[in-house]
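Notes follow once the structure below has been shown.
Read the figures in this text as sums done on the coordinates, not as results from a lab. Owing to the predicted nature of the structure, the values given are computational and were not obtained by experimental measurement. Neighbour counts are summed over all protein chains in view; Cβ atoms, including those assigned to glycine, are modelled from backbone coordinates with ideal geometry.
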Amino acid sequence: MKLTIKLLEKKYDKNSFDCGYSLLDNYIKKQARQDVDRDLSACFVLVDEADVVNGYYTLSANSIKKEDFPENLLKKLPPNYQDLPAVLLGRLAIDKRLQGKGYGEILLIDALKRCYEISESLGTIAVIVDPIDEKAEKFYDRYGFILLPTSKKMFLLMKTIKQLLG
Ligand SMILES: CC(C)(COP(=O)(O)OP(=O)(O)OC[C@H]1O[C@@H](n2cnc3c(N)ncnc32)[C@H](O)[C@@H]1OP(=O)(O)O)[C@@H](O)C(=O)NCCC(=O)NCCS
């Protein structure tokens, strides 16, 4: 099966998408296109030759409040920034049939690459993720994401992403 990553379009079939979490299934089935149309997020889908959606992720502009950022990292930043610019990788999901075959990692790396490219023309200090549960937290932890001390969100510095992408 040949899978490619594309920007979400109407023609892609997302009706059977099932990642095991109804929140994430319903999002791609019912909400994603509206959010894209309203410029609230960009949505990338992993599609097969039949245009069926087998996975997806979303990106949007975001920020981290200065007081939510780890103190040791704040010391390296000038004091006049209250909100630190970031990209939110809001959702990432793979259909159950394809989980555990490396596609989650492929989508994550694709997202990080895109974020890194954006950061070259628009300052962004980190990528933030919002893990749906502890399992998802462990997945992100494998790639070096760090828990924000004041929330359940995690972040990866753009500097680290640059090293990760080599
Ligand atoms: C989390 C998810 C995106 C991972 O995708 P996947 O295709 O199943 O994962 P991959 O096969 O690419 O795995 C990549 C690596 O992460 C590991 N991994 C996968 N899921 C993991 C988890 N929950 N905890 C820890 N490690 C995990 C794999 O073992 C693999 O490591 P390896 O190469 O050393 O074996 C997918 O399982 C999913 O959609 N889950 C439901 C929704 C969800 O939790 N989304 C996360 C953000 S909200």
Legend entry - trypsin sites (Lys or Arg not before Pro) within the range 3-32: DSSP coil, no more than 11 neighbouring Cβ in 10 Å: K10, K11
Inset, instruction - Would you kindly derive the ³J(HN,Hα) couplings of the range 152-164 from the backbone phi angles with the Karplus curve 6.51 cos²θ - 1.76 cosθ + 1.60 (θ = phi - 60°), listing them in order in whole Hz, with x for Gly and Pro? - result: 8, 6, 10, 9, 9, 5, 4, 4, 5, 4, 4, 5, 4
Legend entry - DSSP bridge orientation in the range 4-165 - percent antiparallel, rounded to nearest 5: 85 percent
Legend entry - Phi to ³J(HN,Hα) by Karplus 6.51 cos²θ - 1.76 cosθ + 1.60 over the range 32-37, Hz, x for Gly, Pro: 4, 5, 4, 5, 5, 4
Legend entry - J(HN,Hα) series, the range 39-56, from Karplus relation 6.51 cos²θ - 1.76 cosθ + 1.60, nearest Hz, glycine and proline x: 6, 8, 7, 9, 10, 10, 10, 9, 10, 9, 5, 8, 6, 8, 7, 10, x, 6
Legend entry - lysines with Cα under 21 Å of K76, excluding same-chain neighbours fewer than 8 positions away: K65, K66, K159, K162
Inset, instruction - Enumerate the lysines that K10 could reach by cross-link, defined here as Cα to Cα under 22 Å, with residues fewer than 8 away along the same chain left out. - result: K2, K29, K30
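Please sort by residue number the GluC sites (Glu not before Pro) in the range 100-166 whose DSSP state is loop and whose Cβ has at most 12 other Cβ atoms within 10 Å. Walk me through the numbers on the way to the answer.
Numbers: sites: E105, E117, E120, E134, E137; in loops: E120.
Answer in residue order: E120.
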Legend entry - Sparse-neighbour loop sites [chymotrypsin sites (Phe, Trp or Tyr not before Pro); the range 73-166; at most 15 other C-beta within 10 Å; DSSP]: Y81
Legend entry - Rg ratio (alpha-carbon, reference 2.2 N^0.38 Å) - the chain: 1.05
